[in-house]
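The values are calculated or read from the model by the stated rules, or taken from the named source; none is laboratory data. Predicted, not measured: the structure shown is a model, and the values here were computed from it. Please note: Cβ atoms are built from the backbone with ideal geometry, for glycine as well, and neighbour counts cover all protein chains shown.
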Amino acid sequence: MVRTMSERANQRFDRRGVAERTRIGFFSKALAALTVTASIAAGSAHADAPTDKVVLIGLDGLMYDKVLQVHAPNLLRLSADGLLSRSSIAPHITISGPSWATVLTGVWDRKHGIENNDFTAAPFAKYPTVFTRLERADPGLKTHSIATWDQLATMSGSGDPRADVVLSTPPVPDDPDEAETDAATATSVVGAITKFAPDFLFTHLDQVDHAGHRDGGASDAYLDAVRRVDEQVGRITAAVDARAKAHPAERWTILVTADHGHRPRGGHGGQTPDETTNFVIARGPGFTPGERTSRYTLVDITPTVLDLLHAPADPVFDGRSMVDREPAEPSTVR
């Protein structure tokens with residue numbers, strides 16, 4: 001068939017149009033494929049992004065000198081693998097209520113106003129606990145409190161919002177030294193870490209303080225309690241390490257502190273060196289193994305937890321984050 005010049009021109013135009021549409025289609029598909037690939041990569045990167053998690057272990061009435069005396073292996077290992085600060089909390093009140101309130105709020109007793117173990121949730125409206133601050137900063141965070149001493153539920157269960165999980169271990173029958181009750185608390189902590197991996201978990205073990213009251217800080221019973229509580233610290237640490245190994249994207253920090261010491265013959269609440277002695281251990285990615293200082297005390301715990309979990313600090317704090325370790329004087333009572 002003979003085509004006119006006009007027909008041949010139209011045919012060339014149609015072929016160019018098809019070719020152009022083919023090129024456009026190819027580039028559109030390529031762009032779509034790149035977009036999908038980028039989205040998958042971004043999603044994968046997000047899924048693999050490090051997630052910081054913190055476990056705070058509170059050991060009631062524990063003096064670090066006694067940790068050294070009995071060569072408590074788990075606490076000594078945590079100290080060797082991270083930062084250890086040994087200092088004094090004088091003139092802060094050396095009673096559990098005021099001290100744990102300071103641990104969980106970042107302000108000294110003169111601010112939160114708790115003077116003994118008979119307290120309500122009222123002070124935590126003005127000075128929110130670390131649980132409330134974390135939940136306000138990121139409601140998606142999982143926060144747990146698991147304690148032997150039931151009064152700590154008043155603190156962790158206060159505020160709006162409060163901790164997601166608040167548990168007090170019921171006293172185990174026929175447990176005169178609280179060893180079995182503390183073991184039950186540690187079992188709950190191990191289960192929570194293994195199954196739920198909370199972003200922040202606070203736990204409290206009480207048997208050392210119990211021994212101090214009953215037999216004195218210089219007694220063999222006190223040393224036995226230190227050995228036993230060290231075993232529970234080891235169980236909790238092992239659970240953290242196993243979880244971290246199984247989930248490499250999770251970055252776990254363990255903090256350890258105490259609320260006060262004990263007089264040689266027992267008791268606390270005064271201002272002797274045995275009563276005001278305090279220590280803080282911080283083991284995790286942000287801390288240098290073997291670092292020793294006297295700059296930090298229990299008042300620095302809440303600012304540190306907030307820093308590690310990317311929540312804002314508050315100018316009201318008397319403490320400061322241990323993550324920012326610039327030379328400074330210890331956090332003293334204002």
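Would you mind stating whether Asp274 is under 19 Å from the mean Cα position of the chain (by Cα) and acidic (Asp, Glu)?
Numbers: under 19 Å from the mean Cα position of the chain (by Cα): no; acidic (Asp, Glu): yes.
Here the answer is no, as Asp274 does not meet what is asked.
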Fill in the blank from the handout: Out of (1) buried (at least 17 other Cβ atoms within 10 Å of the Cβ); (2) not in a helix (DSSP H, G or I), the one Arg251 does not meet is (1)
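Quick one: would you say Val190 is of a type outside the set (Lys, Arg), farther than 28 Å from His92 by Cβ and within 20 Å of the chain's Cα centre (by Cα)?
Values: of a type outside the set (Lys, Arg): yes; farther than 28 Å from His92 by Cβ: yes; within 20 Å of the chain's Cα centre (by Cα): yes.
Considered against the rule, which asks whether it is of a type outside the set (Lys, Arg), farther than 28 Å from His92 by Cβ and within 20 Å of the chain's Cα centre (by Cα), Val190 comes out as yes.
Restricting attention to segment 255-274, which residues are surrounded by 23 or more Cβ atoms within 10 Å (Cβ to Cβ), closer than 21 Å to Asn116 by Cα and not small (Gly, Ala, Ser)?
So in segment 255-274, the residues surrounded by 23 or more Cβ atoms within 10 Å (Cβ to Cβ) come out as 255-262, 268.
With closer than 21 Å to Asn116 by Cα added as a condition, the list becomes 257-262, 268.
Thr257, Asp259, His260, His262, His268 - these are the residues of segment 255-274 that are surrounded by 23 or more Cβ atoms within 10 Å (Cβ to Cβ), closer than 21 Å to Asn116 by Cα and not small (Gly, Ala, Ser).
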Problem - Meets criteria (under 15 Å from Val103 (Cβ atoms), under 16 Å from the mean Cα position of the chain (by Cα) and either assigned to a loop (DSSP other than H, G, I, E, B) or assigned by TED's automatic domain parsing to the domain that holds Ser168 (or both)) for Thr302 - result: yes
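Would you check if there is a residue in segment 108-119 being under 15 Å from the mean Cα position of the chain (by Cα), modelled with pLDDT of 95 or more and buried (at least 20 other Cβ atoms within 10 Å of the Cβ)? Spell out how you get there, then give the answer.
Of segment 108-119, the ones under 15 Å from the mean Cα position of the chain (by Cα) are none.
Looking through segment 108-119, none of the residues is under 15 Å from the mean Cα position of the chain (by Cα), modelled with pLDDT of 95 or more and buried (at least 20 other Cβ atoms within 10 Å of the Cβ).
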